[in-house]
Amino acid sequence: MKAQPGWRDELIAVLLAGFRAGGDESGLLHYSINIAFDDPDTIWLTQLWRDKDAHDVTTRSEPVAAVSRQVPPLLAQQPEGGYGHTVHVGGRITEG
């Protein structure tokens, strides 16, 4: 997604509020908010959900919907996205 020029940080704050509005039991296992190196107004999200039903129930809930209504005015263009299945999730391995 692309933020209106100068509104990236506000958009990120709203996105974070949306993730928090879903609550701890939403089925959202992991998320990241990322910024493109070559275009600081371009943001993409990666979300790992327990399943699509958990995603659909959470994103349709009133707390998340209320936050989501704040997003469109901050966007420079309609966001693109898609769904897929996780094949591998890696992480940092620590000894100890």
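FYI, it's all coordinate maths here, none of it is from the lab. Everything numeric here is computed off the predicted structure, so don't read it as measured data. Don't worry about glycine lacking a Cβ; one is built from the backbone with ideal geometry, like all the others, and counts go over all protein chains shown.
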Residue-by-residue Karplus 3J(HN,Hα) for the stretch 53-69, coefficients 6.51, -1.76, 1.60, Hz, glycine and proline x: 4, 4, 4, 5, 4, 5, 5, 8, 5, 4, x, 6, 4, 4, 5, 4, 5
Stretch gain in nm, segment residue 17-residue 75, where the contour uses 0.36 nm per residue and the Cα spacing is subtracted: 19.3 nm
Nonlocal amide H pairs with residue 23, under 5 Å, H built at 1.01 Å: none
Dipole moment magnitude, nearest 20 debye, the chain about Cα centre, only Lys, Arg, Asp, Glu C-beta charged: 100 debye
Where a label projected 7 Å from the Cα of residue 4 along Cα→Cβ would reach, residues of the stretch 21-49 with amide N under 20 Å: 40-44
Segments 11-23, 62-74 sorted - mean Cβ within 10 Å per residue, highest first: 11-23, 62-74
